[in-house]
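Q: I'd like to ask you about the structure that follows.
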Amino acid sequence: MDSKSVEDMIEASSGVHFSGFHMDGLEPRNTEVAQPTMSAAEEMHKQPFVIENENSRGYTGVAGGAASGKTTVCDMIIQQLHDQRVVLVNQDSFYHDLTEEELTRVHEYNFDHPDAFNTEKLLCAMENLRHGQAVDIPNYDFKSYKNNVFPHRRVNPSDVIILEGILIFHDPRVRELMNMKIFVDTDADVRLARRIRRDTVEKGRDIATVLDQPAFDDFILPTKKYADIIIPRGGDNHVAVDLIVQHIRTKLGQHDMCKIYPNLYVIQSTFQVVEHGLGHLPFTEKQVTTPTGSVYTGVDFCKRLCGVSVIRSGESMENALRACCKGIKIGKILIHREGDNGQQLIYEKLPQDISDRHVLLLDPILGTGNSAVQAISLLISKGVPESNIIFLNLISAPQGVHVVCKRFPRIKIVTSEIEIGLNEDFRVIPGMGEFGDRYFGTDDDDQLVVAATQ
C-alpha cells in the first residue's frame, strides 16, 4: 500500500478485444477486430469497456423489438456485473424525428433502415461517454415519432458501456468504438411472432406495417460477420452470457482472489468504496429534476437499507455513507479485539427493524477476519439474511478475505486494496497502521493525518 493519506482514501471513499468464439459450440473463429487509435493523453485516461450488442431479432428484420432476446442478454450482463459501473445506451433513442410529410405516410416509413437513425448524434454521445462526460439521451416516443416529448435520460460515464441496437454494426465508425461485438441469433419465425406481438401493442403499428420490413436480410444479416461473439437463443443461452460477464470482469482488472470468491469485489484505481457498495443493492432507475431544471438519472433502492459501523474505525466511513444517503440509519457494534484471539462483543445498538433492511457493514480494515465474523454473526442472529449484508472496507488482508468468504459465501465484500498479508502482531502489511488512531488523530507518533470527509 502506498503512502496515500487517510483523507484521500475516505473522501474519494482498456480496450482489449475478445475475438474468436462462437457461443453455440465454442467454435474458434478468425474475426479481425480493428484496434481503435488514441492519443497519448487518452491512453493515460482510463477508457471504458464498450460492448456493442446487435440483434437478429424481429425489430431489425421481420420480427422487431427485443424479439431475439437482445434486451434480455443485456439485462443479464448488467445483473451479473451488479454495480453502477455499467450503463446501457439504446440505439432506438436516436431515431430521427419524422417530418410532417413522413408522418402523413408513416405506414410506409421503414424504421429498420440505417437512414432512420441519427448516427452522428449517437457517435457524439458515445465519444463523450468514452471521455468521461455525462450525456443526455433522448427518449424517443413511438406514438408521435418525436424525441422531444419525454425528458431526456441522463447517462453518466461508466467503466462498461453496453450499446444496444439493431443496426449498430452497419456504420464502421460505430464498430471501431467497440471492444466487444455481440450478435444475438434467433430463429426467424420466433422473431416474427415476437415482433407482431410487441409492435402492435406497444408501438401501435398494424400487422401489415410490421410485416413489410425487409431490412433484416438487406442490412442486418450481412453485418453478422463483424461479430466477435454469436449467441444463439438469446437470453436462454446462460453459458454464453456467463462467459461474456467473466471476460468483462477480467478486462476490468479484477483481483485474482475475485476468481476464487465471486462475492468479493476489488475496486481498481479508486477508493469510492461506499458508492460502489451501494451499486450492489437492488435498485430501479429514477429520474429527478433538480432546482436548476436539469434532469438527473439516479437510483431508487428497492428495499430499505441501513449502515452498521464497527466502532471505532468504522465510524470514519459514516460521513461518506451519509453523503450518499441522507438521513440513513446507522447502527453501532463494539468488539474487543486483542491480536488474533479474544474477540468479544462489548456493545451493540442496531435498528429494531434491521431484519427488513439491507445492511452496509462499515470497517475500513479487514485483517484476520475475526471481528468481521463476529459482527456478521450478530447481524444474522438479528434476522438479517446473509445475502442482504454488504461488507465495505478499504484495505484487506488475504487471510481475512479467506475467513469471511468461506464462512459467509452469500455476503458481498467490497474493498479497494488487498495487501500482502499480516505481520506477527496480526496487522495488515504494508497497510497503514491503526486506522482509527490515524483518522481520529490519536496515534502516538507525530505524523498525524487529519481526515475531513464531506
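Bear in mind that the values in this text are calculations on the coordinates, not laboratory data. From a predicted model like this one, the values you see are computed outputs, not experimental measurements. We place every Cβ from the backbone using ideal geometry, glycine too, and count neighbours over all the protein chains shown.
Q: Rounded if a/c is under 1.5, else prolate if a/b is larger than b/c, else oblate: which is the stretch 256-440, with a ≥ b ≥ c the root eigenvalues of its Cα gyration tensor?
A: In terms of gyration-tensor shape, prolate.
Q: How much length is gained if the chain between ASP141 and ARG304 is pulled fully straight, taking 0.36 nm per residue apart and subtracting their Cα-Cα distance, in nm to one decimal?
A: Full extension of this stretch gives 55.4 nm more.
Q: Treat each spin label as a single point 7 Å out from the Cα along the C-beta direction, and report the LEU345 to ARG410 distance in nm.
A: With each label point 7 Å from Cα toward Cβ, the separation is 1.9 nm.
Q: Does the stretch 100-188 come out rounded, prolate or oblate by the C-alpha gyration tensor, with a ≥ b ≥ c the root eigenvalues, rounded set by a/c under 1.5 and, if not, prolate when a/b is larger than b/c and oblate if not? It would help to have the intermediate numbers written out before the result.
A: Details: a/c = 2.12, a/b = 1.30, b/c = 1.63.
Oblate.
Q: Nearest 0.05, what FRET efficiency do CYS124 and ASP217 give at R0 = 30 Å with Cβ-Cβ as r?
A: After rounding to 0.05, the efficiency reads 0.50.
Q: What pairs in LYS121/LYS181; LYS259/LYS332; LYS326/LYS349 have C-alpha atoms more than 25 Å from each other?
A: Pairs exceeding the cut-off: LYS259/LYS332.
Q: Given the Cα-Cα distance of ASP115 and TYR296 and 0.36 nm per residue of separation, how much length would full extension add, in nm?
A: 62.1 nm
Q: Something else: Assuming R0 = 35 Å, can you tell me the calculated FRET efficiency for the pair GLN352 and THR250, based on Cβ-Cβ distance, to the nearest 0.05?
A: Values: r = 43 Å, r/R0 = 1.23.
My answer for the efficiency is 0.20.
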